[in-house]
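Below is one structure, written out as structure tokens, with a few remarks after it.
The values are calculated or read from the model by the stated rules, or taken from the named source; none is laboratory data. Worth saying up front: this structure is predicted, and the values here are computed from it rather than measured. As a convention, Cβ positions derive from the backbone with ideal geometry for all residues, glycine included, and neighbour counts pool all protein chains shown. The protein model used for the area step is the full one, side chains on, heavy atoms only, and it has no ligands, DNA or RNA in it. Shrake-Rupley method; radii C 1.70, N 1.55, O 1.52, S 1.80 Å.
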Amino acid sequence: MRVSDLDILIIPGLGGSGPGHWQSRWAQKLSTARVVEQEDWLNPARDAWVAAILREIDASTRPVALVGHSLGAIAAASAMVESPAREKIAAAFLVAPPDPDSKDLPPGLIDPAFKKKAPQAVLGAPGVLVASRNDAYADYAFSQNLARTWGLDLADAGDSGHINAESGHGPWPEGLMRLAGLFSRLSP
């Protein structure tokens, strides 16, 4: 499947993705991509974030590919299992989902519902979970288990931090190539 065949929903994590973040760059570069906006990027309420994604899925006129980073990856996975229009979801590209139990997350920062309501089953669409071996917010074993639980391919990003602008992943061409590889496996 080509990019032009899909509505690509970019789903940032806590704080949104700044202009140097790969998600912001991809949203500008990919003709059918749009960022799912949240009312409050700094105080993420799980149900509100998932509802925003569900509205964008519902508004889409083509098959949907969800591209989530960090907390946005968990919100995207939740939307996948809760969407009444699951048949519209063609793929998921989820990058660096955090472990809600990570001791490196500031206490009280994440709405406990992100953990309590996180999917514990196969998401039902082809996808990739990209994980770093030295992400401060999720150890690699957590990411391996999550990919297995969600039925996604695991892509080992090596020692890449949280795979954001701060870890040197501005344009992130390797990620864009992995995304293209995922799309090439989809049936038109």
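Filtering the stretch 167-187 to residues that are closer than 14 Å to Ala131 by Cβ and open to solvent by 20 Å² or more (accessible area, probe 1.4 Å) leaves Ser167, His169, Glu174, Arg178.
Specify which of the listed residues (Ser83, Ser24, Ser102) is surrounded by fewer than 23 Cβ atoms within 10 Å (Cβ to Cβ), among the hydroxyl-bearing types (Ser, Thr, Tyr) and more than 16 Å from His162 (Cβ to Cβ). Only one candidate qualifies: Ser83.
The conditions of being open to solvent by less than 40 Å² (accessible area, probe 1.4 Å), in contact with a Ser or Thr (Cβ under 8 Å, 6 or more places away or on another chain), assigned to a loop (DSSP other than H, G, I, E, B) and within 19 Å of Gly127 (Cα to Cα) are not met by Gly18. Listed by first and then second residue, the pairs linking a residue in the stretch 129-151 that is open to solvent by 70 Å² or more (accessible area, probe 1.4 Å) to a residue that is of a type in the set (Lys, Arg), with Cβ atoms under 9 Å apart and 6 or more places separating them unless they lie on different chains, are Asp139/Arg133.
Apart from one condition, Pro44 fits all of (1) in contact with a Ser or Thr (Cβ under 9 Å, 6 or more places away or on another chain); (2) modelled with pLDDT under 95; (3) not aliphatic (A, V, I, L, M); the exception is (1).
Looking across the stretch 34-72 at every residue that is in contact with a Phe, Trp or Tyr (Cβ under 9 Å, 6 or more places away or on another chain) and assigned to a helix (DSSP H, G or I), the one that is surrounded by the most Cβ atoms within 10 Å (Cβ to Cβ) is identified as Gly72. Just to be sure, is Ala121 buried (at least 20 other Cβ atoms within 10 Å of the Cβ), over 24 Å from Asp7 (Cα atoms) and either touching a Leu at 6+ places or on another chain (Cβ under 8 Å) or touching a residue at least 12 places away in the same chain (Cβ under 8 Å) (or both)? Answer is no for this residue. Restricting to the stretch 152-166, and then to whatever is open to solvent by 20 Å² or more (accessible area, probe 1.4 Å), over 14 Å from the mean Cα position of the chain (by Cα) and in contact (Cβ under 8 Å) with a residue 12 or more places away in the chain, can you tell me which residue is nearest to Ser102 (Cα to Cα)? Taking the candidates together, the pick is Asp159.
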